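The values are calculated or read from the model by the stated rules, or taken from the named source; none is laboratory data. All values derive from a computational prediction rather than experimental measurement. Don't worry about glycine lacking a Cβ; one is built from the backbone with ideal geometry, like all the others, and counts go over all protein chains shown.
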Amino acid sequence: MSIPTHNFCEAVEPYLEMVDPLYVLEKPHGHSKFDFERIRDFIHANNLKVIYSDHYLGKDVLYNLWTPKNLESIKIFIHEDADMTERINYFDTVGIIGDMYQSHCVTLFATIIAKHTSRTRKEILRDLSFVKPRVTQLARNIHYKGIAPTQCKISMEYNGILLEADIAKMMLEKKKLITINDDRSWNLDAGWDAYGNVMSEIKHGNRSLFLDEEEVGYLWDHASIITG
């Protein structure tokens, strides 16, 4: 059964005494920090087995790209061309920041920096939860019939490393890149299907790919600095 994560509690509650599966919660985990905490408390109260997933952590490029000794910048460019018309009810609850910035970009920033340093992804996400980013663009595509922004450009610095995100929905051309030091770029969609990699990790019992509750909380803390 596939359901939006922010409807998780209501959808699962009728079946609590009937089944005891492993639930895979794909990003965004709720539509706010408050909503995530509501879902988390429901999970704890009912002793549910849950994995917090962001399928971008299953992207092959994350494990194939290299970073130079002097890491100066990481730029993430994600432009998607899919029509959002049938997803308005969902997208208007999270917008571009909840759907793609904190869920994909910030997680990728932390994962790449963790590979480059001796720090863990969780430690970096905790640090970023206090960093105020600069929003240089926030706009809505004229073809989108909802009210949420569909495009944004956001930047911040972490220990001297410039982190930039350029993300948008309903663009004419699909393009997804990670660029290091304005020098070399990697195609985010290169390699095996990210969802397939995620399911393979679950099948083999490897949980290191996935987020834990604290990391999800840090992501929402960071996003809340922007959205209030």
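So E164 fits all but one of (1) part of a loop (DSSP other than H, G, I, E, B); (2) within 18 Å of the chain's Cα centre (by Cα); what number is the exception? Evaluating E164 over (1) part of a loop (DSSP other than H, G, I, E, B); (2) within 18 Å of the chain's Cα centre (by Cα) leaves (1) as the failure.
A single member of D183, D212, D193 is of a type in the set (D, E, K, R) and at pLDDT 95 or above, and it is D212. Among strands (runs of 3 or more DSSP E) entirely within the range 1-86, having at least 1 residues that are of a type outside the set (D, E) and in contact with an Asp or Glu (Cβ under 9 Å, 6 or more places away or on another chain) singles out 49-53, 73-79. None of Y195, Y218 is aromatic (F, W, Y), surrounded by 15 or more Cβ atoms within 10 Å (Cβ to Cβ), in contact (Cβ under 8 Å) with a residue 12 or more places away in the chain and in a helix (DSSP H, G or I) except Y218. The residues of the range 13-31 that are surrounded by fewer than 19 Cβ atoms within 10 Å (Cβ to Cβ) and either at pLDDT 95 or above or not charged (D, E, K, R) (or both), listed by number, are P14, Y15, L16, M18, V19, P21, L22, Y23, V24.
Among the criteria (1) surrounded by fewer than 21 Cβ atoms within 10 Å (Cβ to Cβ); (2) polar (S, T, N, Q); (3) under 16 Å from the mean Cα position of the chain (by Cα), the one S103 does not fulfil is (1). S200 meets all of the listed conditions (1) part of a helix (DSSP H, G or I); (2) small (G, A, S); (3) closer than 20 Å to S103 by Cα but one, namely (3).
Which of the residues spanning the range 78-88 are hydrophobic (A, V, I, L, M, F, W, C), farther than 24 Å from L209 by Cβ and surrounded by 17 or more Cβ atoms within 10 Å (Cβ to Cβ)? Result: M84, single match. Checked across the range 114-123, the condition of being within 12 Å of I74 (Cβ to Cβ), in contact with a strand residue (DSSP E or B) (Cβ under 9 Å, 6 or more places away or on another chain) and at pLDDT below 95 holds for at least one residue. Only residues that are part of a strand (DSSP E or B) and surrounded by fewer than 16 Cβ atoms within 10 Å (Cβ to Cβ) were counted across the range 180-192, and they come to 3. For the range 202-215, residues that are within 30 Å of K69 (Cβ to Cβ), out of contact with any Lys or Arg (no Cβ under 8 Å at 6 or more places or on another chain) and in contact (Cβ under 8 Å) with a residue 60 or more places away in the chain total 3.
Only one entry of K169, K175 meets the criterion of being touching a His at 6+ places or on another chain (Cβ under 6 Å), of a type in the set (D, E, K, R) and in contact (Cβ under 8 Å) with a residue 12 or more places away in the chain, and that entry is K175.
The residues on offer are K75, K59, K49, K69, and the sole one that is exposed (fewer than 15 other Cβ atoms within 10 Å of the Cβ) and either at positive phi or touching a residue at least 12 places away in the same chain (Cβ under 8 Å) (or both) is K49.
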